[in-house]
1. Can you give the alpha-carbon Rg of the stretch 645-800 over 2.2 N^0.38 Å, where N counts its residues?
2. Which one of Y275, I36, N172 has its Cα pushed farthest toward the positive end of the charge dipole of the chain, where Lys and Arg give +1 and Asp and Glu give -1 at the Cβ?
3. Give a quick list of trypsin sites (Lys or Arg not before Pro) in the stretch 246-308 that DSSP marks as loop, anything other than H, G, I, E or B, with at most 12 other Cβ atoms within 10 Å.
4. Based solely on C-alpha atoms, express the radius of gyration and the Dmax of the stretch 257-326 in angstrom.
5. Are there trypsin sites (Lys or Arg not before Pro) in the stretch 757-796 that DSSP marks as loop and that have at most 14 other Cβ atoms within 10 Å, and which are they?
6. Rounded, prolate or oblate for the stretch 48-125? Axes are the square roots of the Cα gyration tensor eigenvalues, ordered a ≥ b ≥ c, and the cut-off for rounded is a/c under 1.5.
7. Using just the helices of the chain, give the 222 nm mean residue ellipticity in deg cm²/dmol: DSSP H runs with n ≥ 4 each add -39,500 (n - 2.57), and the total is spread over all residues, rounded to 500.
8. Considering only protein heavy atoms and a probe of 1.4 Å, how much of the accessible area of the stretch 162-226 is carbon and sulfur, as a whole percent?
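The values are calculated or read from the model by the stated rules, or taken from the named source; none is laboratory data. These figures come from a predicted structure and were not determined experimentally. As a convention, Cβ positions derive from the backbone with ideal geometry for all residues, glycine included, and neighbour counts pool all protein chains shown. Note: areas computed on protein heavy atoms with side chains; ligands, DNA, RNA excluded. Shrake-Rupley method; radii C 1.70, N 1.55, O 1.52, S 1.80 Å.
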Amino acid sequence: MKISLNWLKEFIKISENPQKIETILTETGLEVDEVININPDIKSLKKLIVGEIKSINNHKNADKLKLTKVNIGKDNLSIICGANNIEVGQKIVIAKIGTEINHVNGKKVKIKKAKIRGISSFGMICAEDEIGIGQSHSGIIILDQNAKNGEKAINHLNLNKDIIFDISLTPNRADAASHLGVARDLKAVLNKDITLPDVSSFKEKKKLDIDIKVIDKEACPRYSGCVIDNVKIGESPSFIKNYLISIGLSPINNIVDITNYVLHGIGQPMHAFDYDKIKSKKIRIQFAKKGDKFKTLDGIERKLNNEDLMICDSNNPICIAGVFGGESSGITNNTKRIFLESAYFSSSHIRKSSLNHQLKTDASYRFERGTDPNITVYALKLASILIQKYCSGEVSSPIIDIYKNKINDNTFKIRIDRIHKLIGQKINKNEIFRILNALDIKVKKNGKNIIVSVPPYRTDVTRESDIVEEILRIYGYNKIKISNNNSSSFLSHESNSSIMNNYLSKVMNLLVGNGFNEITTNSLTSSRHRSNNFWNDELTIEMLNKLSDEHAILKQNLLFTGLESIKYNINRKQNNLKFFEFDKTYNKINGKINENRKIGIYMSGLSNEEHFSSKSKIISFFDIYNTINKIMIQANILNYKTIVSKSKILDECVKLEIDKKTICTIGKVKKELLNYFEINQDVYFAELEWNNFINNLDNDLKYIKIPKYPEVKRDLSIILDKKKSYNDILDIIEKNDKIIKNISLYDVYEGKNIGKNKKAYALRFVLQEKNKTLDDKTISSIMNNLIIEFEKKLNAEIRK
């Protein structure tokens, strides 16, 4: 979620620098991922020119690219563009060959002649972020039609300096999903007042009627609306456009932009209908009939079910409530009268519709988390005033507000001594009361206790511990002192769980010592994975009350969430990755839910960072296999078998098994799965079955004296048919002389030099006798016996 500092200052007077604000927001639970400085580079912008799209043709070698012919005054340019909002006749911003543009992230790019999929492109059609004037990359910049082809584009651009805070909003903080919501937290920390837009100038007339009935009251506890006449559809005022652009939204028209302005300003989703398209001037809020068809604003016809809450006129549905409007009642350039909706819908019902139709909108994002039921009329008045001022509209009906069962504050008792106990130290009572009042939580003293009344928009504050959390995040976790007497003791004997934790610590230390970093991923993951062929949907466990589609199902393996972390790092230019994670996976088998503890190990990129003193190599299967081998040796698990296996998600897959129970699965992630996550480099993955690992570890480690007689090393290269495996080689070696102390595979080769369907293994043998020095005769005898066995049983060819 993006928050504009300029917009924020409309609600609260703040003089603190952006770094201070970033710290405050993060410490109060609104974690700032990035602070973006929008400071347009005037020098580079002066080099951009106005162009007009004269024709658009499909790129013959790419489905998503278009070949455009653009007029820039005296000349025409052929430019390839991938934006989905281009149309013939549009006035656009052009960066010609040789122009240097300054991206919003600070990166400078010089435009060159490029050949894209075999066709030359002579310049670039620009989006806002590409030239550093905004956050949007949803499409190209579209200029006014009065802009002249070939003139400087800077004369037609909205240049707005701003600071943008990109906040990673957690699902429980729906109250902060607006500039007003963020301002509330700053108000509590900085002890400043909030200023709300004045709506006292709102006026209404009774000229037009609309009949509204809420049929399904549980799904729609409150519904407010009014009719506005004589509206003129056009461009929005500069301040609204600038605010929307700054947070990555593209202005559409004055009506739509005002509803978006109210939504992102105070957190109330709104929808405008073309009043003249509403049949019989009736509005009914009710569930759809199963099987009904409805065409949404994006032109897609959707099949409804009886869980979809709909806004209907006298005949048909005209909007999926709280999610997406309908094509039949949408605002067009010919719209003269609108019906403006401001409602409070049940979060669970909106969530169902959003998931059913895979529609994620700014409105559904807020409704499915919970909005404020008590600001619908205020939002309606605010939007109406703006429409009157900037769209020449006139409110032509009274505000209709259907709110039969008012949603009251959540009132409960909390104990002052309990607050201090949970925090671990005493906080001044007056400071506690100040913090709670600043968060709009009313406080009333009741002896040693206090009675709190929490406003309905704080859906996450329902009990005593939640109040303590609110106090702490505003007071500051850093102010809580840690006792010098913290300690723990154990009176019981070592249990199985302590043995398990001890080995877990050993495994983690081993991995960290080998350059790995621990990651922790969410147990919940995105429901979009269910449509992926690599996901076994029969095993899926779906959340009943999911807060969002991104956290809707439990992970059935560690790989999918691990790949999300890898993608996140690669997108930030961290290409050499070694990760591990200890977590549970969840599967439904025969109706029963199974939880399994596992360790996931991920390797990608180079085995070590590039350095002048050593060569770097790309990570291979043997790197991750050797890592697992170290873990097995540490646990004294030596009697496992390496079995070549087929896997739905892994190539080059092997399993380490003991008594047909899998200890670990190792392999290279399939290219198709990497493409799904938009990862363009190889990833190797190992999944350790923790319970099987613990059940087979041998805690009785034995140490022996290093023999005084020397080791002898011999190398052997064996060519086998591809159908034969390295395991077949090991089986023969294990059945032979015990003087062979160790075998290592140091190279594998496939190529025309050894023939088709052949593979060469380069082995190094270490031989050692405990009681005497090995002589050449004995060594030769052992190696010759092995060669005979390889030739006889594996039809091997020994490379000389």
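1. Numbers: Rg = 19.3 Å, N = 156, 2.2 N^0.38 = 15.0 Å.
My calculation over the Cα atoms of the stretch 645-800 gives 1.29.
2. After comparing all options, I get I36.
3. Values: sites: K277, K279, K281, K282, R284, K289, K290, K293, K295, R302, K303; in loops: K289, K290.
Answer in residue order: K289, K290.
4. Cα-based Rg and Dmax for the stretch 257-326 come out at 12.8, 37 Å.
5. Answer by residue number: K770, K772.
6. Details: a/c = 1.55, a/b = 1.20, b/c = 1.29.
Note, shape of the stretch 48-125 comes out oblate.
7. On the way: 19 runs with 198 residues, N = 800.
Taken over the chain, the calculation gives -7500 deg cm²/dmol.
8. On the way: 1330 of 2860 Å².
Carbon with sulfur: 47 percent of the solvent-accessible area.
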